[in-house]
């Protein structure tokens, strides 16, 4: 959704020209992207520059009933259709900064890369540090820099998908910008949102940031190896999360030691198996 | 922070509508913002002022926000109850088994244009 570009200089690696969004034309998205895989950045353009010729006409009321997030949701729908038709199980990882998302992803990549193909889209305001860390594990990763933007949107993800070589029946991890507020509102086309909360944060975060824990299907409690050193109350945290989302699945693990990882890996493996089976079912019908 | 991008989304929709309906100036925009949506109305108004001013289509536009109250279905009471946030419990039974039925709206309802 171009709407979001205006809040910063969003950049996707490997796409060196600038888009010019936010003006009064129709965008032709969902087209074939013909982009290389170099790892420089692209800049999303920004700014509103409407060009309209003033005319004389009478005041009137136009009823439009349009969802403000409609554009984003259109892109998200297209992303979801593309991912499903390719059997790609996509997870949108959301958390506050410093919860251990990238460490979690690196360990997950190491554990799963020999079993099926993986890819990662990394969202941060600046730098390609995270994508560099993922690439060091041998997994294709693309950095999206949102500039001043506080979240990834579905249009950025569409561009990133077009540039990453995403294999059929693979798992795509989308690491959102570290922010427990804004990413909750933006569907990217993922199968599930996974909220990561580390035990060095407050156990009351599900109540402080209810939108995110409401939008997520799973809560990962990370850094449980540090529990003996904190006052974090696991049971209370889970109760808070269930209060805003009675269906939320909870996994406790440590991305550093690997404790609890089997359950997380099994969940991903099962999600991927179902998505691949769905693709084969569609292809056969 | 995302009110800025949402506001730009609003202006973009206005531009699309201007092209579709052949108007050149927006005088009033009525937004429906649910009480449980992720939007702070005051922040939206602030951002709209900043974004609209730079566009001939919306430079004189006035933003009117219609608040939609939150409501949820209580699975234990089997009825619709008012809620003001996602962490509210059922005001009747105190239970947490609530499914939001309204208050999540973020919509442009109508426009006054010329």
Q) With respect to the numbered conditions (1) within 19 Å of residue A:69 (Cβ to Cβ); (2) surrounded by 22 or more Cβ atoms within 10 Å (Cβ to Cβ), which one is the sole condition not fulfilled by residue B:55? A) (1)
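Given the criterion modelled with pLDDT of 95 or more and within 12 Å of chain A (Cβ to nearest Cβ), identify the matching residue among B:10, B:29, B:51, B:39.
Values: B:10 fails: modelled with pLDDT of 95 or more; B:51 fails: modelled with pLDDT of 95 or more; B:39 fails: modelled with pLDDT of 95 or more.
Going through B:10, B:29, B:51, B:39 in turn, the sole match is B:29.
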Q: Please indicate, with yes or no, whether at least one residue in the range B:79-88 is within 9 Å of chain A (Cβ to nearest Cβ), within 28 Å of residue A:180 (Cα to Cα) and either within 14 Å of the chain's Cα centre (by Cα) or surrounded by 15 or more Cβ atoms within 10 Å (Cβ to Cβ) (or both).
A: yes
**Q.** Condition broken by residue A:223, with the remaining ones in (1) buried (at least 22 other Cβ atoms within 10 Å of the Cβ); (2) touching a helix residue (DSSP H, G or I) at 6+ places or on another chain (Cβ under 7 Å); (3) modelled with pLDDT of 95 or more satisfied
**A.** (2)
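Here is a check on your reading of the model: is residue A:183 crowded, with 22+ Cβ neighbours inside 10 Å, in contact with a strand residue (DSSP E or B) (Cβ under 9 Å, 6 or more places away or on another chain) and at the interface with another protein chain (Cβ under 9 Å from one of its Cβ atoms)? Working first, answer last.
On the way: crowded, with 22+ Cβ neighbours inside 10 Å: yes; in contact with a strand residue (DSSP E or B) (Cβ under 9 Å, 6 or more places away or on another chain): yes; at the interface with another protein chain (Cβ under 9 Å from one of its Cβ atoms): yes.
Yes: the conditions hold for residue A:183.
Every residue, every condition in (1) touching a strand residue (DSSP E or B) at 6+ places or on another chain (Cβ under 7 Å); (2) in a strand (DSSP E or B); (3) more than 14 Å from chain B (Cβ to nearest Cβ), yes or no:
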{"position": "A:214", "(1), (2), (3)": "no, no, no"}
{"position": "A:227", "(1), (2), (3)": "no, no, yes"}
{"position": "A:258", "(1), (2), (3)": "no, no, yes"}
{"position": "A:262", "(1), (2), (3)": "no, no, yes"}
{"position": "A:270", "(1), (2), (3)": "no, no, yes"}
{"position": "A:275", "(1), (2), (3)": "yes, no, yes"}
Q. For the range A:190-212, which residues satisfy the criterion of being under 14 Å from residue A:236 (Cβ atoms) and free of Cβ contacts under 8 Å to residues at least 40 places away in the same chain?
A. A:199, A:202, A:203, A:204, A:206, A:207, A:208
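Could you go through the range A:227-241 and let me know if any residue there is within 21 Å of the chain's Cα centre (by Cα) and closer than 26 Å to residue A:183 by Cα. Explain how you work it out, then say what you get.
Taking the range A:227-241 and keeping what is within 21 Å of the chain's Cα centre (by Cα), we get A:241.
Next, only the ones that are closer than 26 Å to residue A:183 by Cα stay: A:241.
Within the range A:227-241, one or more residues are within 21 Å of the chain's Cα centre (by Cα) and closer than 26 Å to residue A:183 by Cα.
List the helices (runs of 4 or more DSSP H) that sit entirely inside the range A:92-163 and contain at least 3 residues that are touching a strand residue (DSSP E or B) at 6+ places or on another chain (Cβ under 6 Å), without any contact (Cβ under 8 Å) to a residue 60 or more places away in the chain and closer than 28 Å to residue B:5 by Cβ. Step through it out loud before you land on a result.
Numbers: elements: A:101-112, A:129-135, A:154-163.
Output list is empty.
Go through the range B:4-114 and tell me which strands (runs of 3 or more DSSP E), entirely inside it, have 1 or more residues that are within 30 Å of residue A:239 (Cβ to Cβ), touching a residue at least 40 places away in the same chain (Cβ under 8 Å) and out of contact with any helix residue (DSSP H, G or I) (no Cβ under 6 Å at 6 or more places or on another chain). It would help to see each step written out before you state the result.
Working: elements: B:26-34, B:62-68, B:71-74, B:79-82, B:98-102, B:106-113.
Answer list for the range B:4-114: B:26-34, B:98-102, B:106-113.
The values are calculated or read from the model by the stated rules, or taken from the named source; none is laboratory data. Everything numeric in this text was worked out from a predicted model, so none of it was measured. Positions of Cβ are generated from backbone atoms using ideal geometry, with glycine treated the same way; all protein chains shown enter the neighbour counts.
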